[in-house]
Amino acid sequence: MADILLTQAQEQKLATIKSVINEQLTNGQAAKKLGLSIRQLQRLKVSVQRSGASAVIHKLKGKLGNHHIDEQVKRRLIEQIRLKYSDFRPKFATEKLQEEYPVNVTSQTIRVWMSEEGLWKLHKQKKPEYHSWRERKDYFGELEQFDGSYHLWFEQRLLDELGNPMEVCLLASIDDATGKITHAYFDFNEGVVAVFNFWLEYVKTQGKPLGIYLDKFSTYKINHKSAVDNSELMTQFQKAMKLLDIEVINANSPQAKGRIERLFGTLQDRLIKELRLLGINTIKDGNKFLKEVFISKFNARFSVISQKQGDVHMELTPKEKRSLKSIFSIKSQRRINFDFTIQFKNHFYQLAEIQPTTIRPKDKILVEVWLDKTIHFRFKEHYLKCFILPEKPKKVFRQPVILTNHPLNWKPPSDHPWRKFKFGRG
């Protein structure tokens, strides 16, 4: 017994058991001191009487644990991590290993192994900043947080015209109640056309959310080198959402829309590596992967159950379905000239003589540039007929006063009421 080295806790445990054997303590008192049940204490007392001090030492001391992983398996897994997942976080690396090998290894074990191999460095925890907590919304579809993130999503595999790695924008929306990615889409920038394409696809497939939470204009990445037409983005977006009766809420800070900000942090770690493993290097293939594989896989792992069951997305009305091209168009206003021409983007368009409604010079019309890049002129609820002129029209001195739905030199037929009327009838 003297040859066995005990820790201080083991010595204290042995002394307590001996006090019970010597009848200096009762079983109940000793069990309370050691945090054991009376049945456990009695078995331990018998073991000490039979084996002496060794009874208080764990039987696996100096031996391999029951869940010990074979050294060859460990080396094989570490080699796979070094070869394919060297810059992965331990938890993500564990997930990918479990997809390939039927070995039950925890992320904590992988973290230790990666630290031993110099593949993972422990980070000091940042000092938390205070932000008041906002409760999640109740229903799926009640509020969507939306933003875009410029990043090297395809790393060095997607190059620009000069051969430099190309940053593209990932547009994404996340449901506030469930944390599900409701839509994600790669594009070259975060301009009006890209944002409209995103939400056109969204409302066609899922319906209209009750609200959208996004950046204020001043923080909408207007200084990024790839950003385009942000000066009118919010105005155009708000117009489209107003036509669909979707509330637009502007966040006062990035922290206010923390779910979408944290989502991009997660995607910049996980999505980039998933794209790398599959060798995806184009926006088209990236969007296909997002739609068919990644979003459903991500939501299955990270989404939560909403506080109240149900989907409160609104269905598009028949009129909205017919008007989607118009709703998601870039709109501007122009005035009709005296010669019934319209100037738009350095081009002149001549209105045809026959129109679906009466048109007068100086009338204000709405110019819509649809997502297919076609240009349409609308007055009230009617689209006007026109054709592009090869050059700026010359001034003329005799112009028609109005355009209407029939020619100005039109003559009524013989059976027209005007022909049948005679003055002097009693």
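The values are calculated or read from the model by the stated rules, or taken from the named source; none is laboratory data. All figures in this text were calculated on a predicted structure; none of them were measured in a lab. Quick reminder, even Gly has a Cβ in these numbers, built from the backbone with ideal geometry, and neighbours come from all protein chains shown.
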* Only one of these conditions is not met by LYS297: (1) part of a strand (DSSP E or B); (2) among the charged types (D, E, K, R); (3) loosely packed, with under 13 Cβ neighbours inside 10 Å. Which number is it? -> (1)
* Quick check, is LEU77 modelled with pLDDT of 80 or more, assigned by TED's automatic domain parsing to the domain that holds THR106, exposed (fewer than 12 other Cβ atoms within 10 Å of the Cβ) and on the phi < 0 side of the Ramachandran plot? -> no
* Asked: Can you tell me which of VAL228, VAL203 is within 17 Å of PHE140 (Cβ to Cβ) and either assigned to a loop (DSSP other than H, G, I, E, B) or at pLDDT 95 or above (or both)?
  -> VAL203
* Spot the failing condition for SER54; the list is (1) surrounded by fewer than 13 Cβ atoms within 10 Å (Cβ to Cβ); (2) at pLDDT below 85, and only one is missed. => (1)
* Asked: How many of the residues making up region 63-113 are without any contact (Cβ under 8 Å) to a residue 40 or more places away in the chain, touching a Ser or Thr at 6+ places or on another chain (Cβ under 9 Å) and not in a helix (DSSP H, G or I)?
  -> 2
* Structure fact -> Going through region 175-197 in order, the residues found to be of a type in the set (A, V, I, L, M) and under 24 Å from GLU155 (Cβ atoms) are ILE181, ALA184, ALA194
* Which of the following residues is crowded, with 19+ Cβ neighbours inside 10 Å and assigned by TED's automatic domain parsing to the domain that holds ARG262: ASN164, ASN189? -> ASN189
* All but one of (1) of a type outside the set (A, V, I, L, M); (2) farther than 18 Å from GLU142 by Cβ; (3) surrounded by fewer than 18 Cβ atoms within 10 Å (Cβ to Cβ) hold for GLY258, so report the exception by its number. => (2)
* **Hits in region 93-105 - residues which are surrounded by fewer than 13 Cβ atoms within 10 Å (Cβ to Cβ) and closer than 14 Å to LYS74 by Cβ** => ASN104
* Please find, within region 134-174, the residue that is nearest to MET241 (Cα to Cα) out of those that are aromatic (Phe, Trp, Tyr) and not in a strand (DSSP E or B). => TYR139
* Asked: If we scan region 324-347, do we find a residue that is touching a Leu at 6+ places or on another chain (Cβ under 9 Å), over 27 Å from THR182 (Cα atoms), among the hydrophobic types (A, V, I, L, M, F, W, C) and in contact (Cβ under 8 Å) with a residue 40 or more places away in the chain?
  -> yes
